[in-house]
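Trainee: Attaching a single structure in structure tokens format; questions to follow.
Nothing in this text is a laboratory measurement; each read-out follows from the coordinates by a stated rule. Nothing here was measured: the structure is a model prediction, and the numbers come from that model. Reconstructed Cβ throughout: ideal geometry from the backbone, glycine too, with neighbour counts over all protein chains shown.
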Amino acid sequence: MNLFTLFCFSAMLLFSPFKAEEIHVIKVTINGLKNSEGTVYYSLFNNAEGFPENPLKAFRIGTLKINNKSAQITFSNIPKGDYGFACFHDANENKELDKNMFGYPLESFGTSNNAKGTFGPPSFADAKITVNKNTTLTITVY
């Protein structure tokens, strides 16, 4: 490969519109849990579909152990974009968010931006966070 070809190839890579995808970390701390019993279920959504009640539509889901009425999770390899985080404290460990006959939650729950819905769960728009750098969230469940 001659020097001119190497220079052209290097310039093409340097000024190419195809750049590596930005990858970030989201650290979440969940506070306000009533006790250290049970499990926290979480969902991280990368769009509004299913937010916050259908974890099958989420980007990432899982469970967390509770220590001193708090739980933490770190998400690695998160592409730049908009996300919504939702969680609930499954105090009785029946693997669901218990609700009363009117649909109001009987167990603690929370979302990013500590968004609250008026007559139902909060919207993705209210809970949305834009990730374009490493991000730290503190969620207070209620």
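Trainee: What nm value, rounded to one decimal, do you get for the distance between Val25 and Asp82 when each label is placed 7 Å out toward the C-beta?
Mentor: If labels sit at Val25 and Asp82, their model points lie 2.7 nm apart.
Trainee: Divide, for the chain, the radius of gyration over alpha carbons by 2.2 N^0.38 Å, where N is the residue count.
Mentor: Cα-based Rg divided by the globular estimate yields 1.39.
Trainee: Moving to a separate point now. Could you give log10 I(q)/I(0) at q = 0.14, 0.20, 0.23, 0.27 Å⁻¹ for the stretch 58-97, computed by the Debye formula over C-alpha point scatterers of equal weight, without solvent?
Mentor: Reported log10 I(q)/I(0), two decimals: -0.42, -0.78, -0.95, -1.16.
Trainee: At a Förster distance of 30 Å, what's the computed FRET efficiency of Lys57 paired with Ser36, Cβ-Cβ distance as r, to 0.05? It would help to have the intermediate numbers written out before the result.
Mentor: Working: r = 30 Å, r/R0 = 0.99.
For Lys57 and Ser36, the calculated efficiency is 0.50.
Trainee: Report, as a whole number in µm² per second, the diffusion coefficient that Stokes-Einstein gives for the stretch 75-142 at 37 °C and 0.692 mPa s using the Kirkwood radius over alpha carbon pairs. Can you show the working numbers first?
Mentor: On the way: Rh = 13.3 Å.
Once the numbers are plugged in, D ends up at 247 µm²/s.
Trainee: Straight-line reach from Lys99: which lysines have a Cα under 27 Å away, not including same-chain ones fewer than 8 places off?
Mentor: Correct list for Lys99: Lys34, Lys57, Lys65, Lys69, Lys116, Lys128.
Trainee: So, one more: What is the fewest-to-most order of Leu33, Leu64 by other Cβ atoms lying within 10 Å of their Cβ?
Mentor: Leu64, Leu33
Trainee: Residues of the stretch 20-63 with amide nitrogen under 15 Å from the 7 Å Cα-to-Cβ point of Asn92?
Mentor: 38-39
Trainee: Taking amide H atoms as placed 1.01 Å from N in the peptide plane, list the residues 5 or more away in sequence, or in a different chain, whose amide H sits under 5 Å from that of Phe59.
Mentor: Hits under the 5 Å cutoff: Leu44, Phe45, Asn46.
Trainee: Residue-wise, which Karplus ³J(HN,Hα) couplings in Hz belong to the stretch 82-87, taking 6.51 cos²θ - 1.76 cosθ + 1.60, θ = phi - 60°, and x for glycine or proline?
Mentor: Coupling constants for the stretch 82-87: 9, 9, x, 10, 9, 8 Hz.
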